[in-house]
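Right, one structure below, let's go through it.
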Amino acid sequence: MNISVDKKFWRRQGTTLTIYGFLLVLMIGVSLFNEDFFTVGNLKNLLRSSFPLLMVALGQTLVILTGGIDLSLGGIVALSNVVCVMAMNPESPAGFGLPLFLALFTGLACGLINGVLITKARLAPIIVTIATTAVFDGAALLLMPNPGGAVHKGFAKFITRGWSGAVPLLLFLVIVLAVRNLACSTPYGKALRAIGGSENAAYSTGIKVARVKLAAYCLAGVLCAAGGIFLSAQMNSADATIGKNYAMNAITATVVGGTAMTGAVGDPLGTVAGVFIISIINNMLNLFGVSSFYQFICQGAILIAALSLSAVHKRSS
């Protein structure tokens, strides 16, 4: 009985535990080269620098669980970032309220566009999101051709360093727990996985496939908008090209975290580990002065390795 329970637990959580084990080993290894790595200040900096990618990767996880993919998430980050800063009034005490709403609405609208084209027009997700990437990036550049703008200083300080740096951590915990609960402990999460396993079978059991998929793309858009807002506070400005690498990095982090590209299988907690693995490796490569070209090669190698390990675990479980 205990053996069967252990096997069942390992089948469900084995990939996630393996990823966290690798993350721990990586952190220990990095600390051997950088004695300040495990300091509170450095861990806070790691969380702040990883937060936008985490938002995008969580959104990508929800989409991939349906068997889809969203390559436009970086464009949504950039457009939300630009909208937030352009609407910001740095001189007004409450000059950040409307910009936050507009940025989140922008993310929701972008996700809705993707979802409608995929579910109602029945277009392939990869084709739709390649096209909307150009649209969202173009809109961001149209609104702000050059980086600039200003952010409400009180808002920026509170979001990135408020309560002695506890605000980013609280945001991180609340959002991760909410997404994880949605994906793993609710009927909606079960519907996501059912669609990712077999869309036709899910439809035959009464699941409203179009509605569930549409909601996934909308949620991904809102999460990307949250990442864009955080970037606004972090940079104290906007940049229409800031989202360039987020979509691919999010896919890498999601797959490294154990989410299957075929859909149905995955855990947002694994995605969190994947994000930190990518961030730590990139930070170390920067620290050692490695060219960005080699960093792209390294990310590709990590993605291939993650896919290989996922396939091995699937065969052995």
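No lab work stands behind these numbers, since they all come straight from the coordinates. Since the structure is predicted, the reported quantities are computational estimates derived from the model, not experimental observations. Here the Cβ positions follow ideal geometry from the backbone for every residue, glycine too, while neighbour counts run over all protein chains shown.
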Using a Gaussian network model on the chain with a 10 Å cutoff between Cα atoms, which of Thr252, Thr271, Thr205 fluctuates the most? Thr205
What does the charge count around Val77 come to, taking other residues whose C-beta lies under 13 Å from its C-beta (Lys +1, Arg +1, Asp -1, Glu -1)? -2
Please list, ordered by chain and number, the residues whose modelled amide H lies under 5 Å from the amide H of Thr259; skip anything fewer than 5 residues away on the same chain. Asp267
The value for the stretch 172-264 (convex hull of the alpha-carbon atoms, volume per residue, Å³) is 111 Å³
How long are the three semi-axes of the equivalent ellipsoid of the stretch 162-317, in whole Å, if each is the root of 5 times an eigenvalue of the C-alpha gyration tensor, listed from largest down? 29, 22, 15
Spelling out what I want: for every residue of the stretch 277-290, take phi, set θ = phi - 60°, compute 6.51 cos²θ - 1.76 cosθ + 1.60 (Karplus), and round to whole Hz; glycine and proline get x. 4, 4, 5, 5, 5, 4, 5, 5, 4, 5, 4, 8, x, 6
Under the Karplus curve 6.51 cos²θ - 1.76 cosθ + 1.60, θ = phi - 60°, whole-Hz ³J(HN,Hα) for the stretch 171-186, x wherever Gly or Pro sits: 4, 4, 5, 4, 5, 5, 5, 5, 5, 5, 5, 4, 7, 10, 10, 10
Among Cys224, Cys298, Cys110, which one moves the most in a GNM of the chain with springs linking Cα atoms closer than 10 Å? Cys298
Using a cut-off of 17 Å between alpha-carbon atoms, which aspartates and glutamates can reach Lys157, once sequence neighbours fewer than 8 places away in the same chain are excluded? Glu91
Per residue of the stretch 102-109, what does 6.51 cos²θ - 1.76 cosθ + 1.60 with θ = phi - 60° give for ³J(HN,Hα)? Whole Hz please, x for Gly and Pro, Karplus curve as stated. 5, 5, 5, 5, 4, x, 4, 5
As a check on your grasp of the helix formula, calculate [θ] at 222 nm for the chain: sum -39500 (n - 2.57) over DSSP H runs of n ≥ 4, divide by the residue count, round to the nearest 500. -27000 deg cm²/dmol
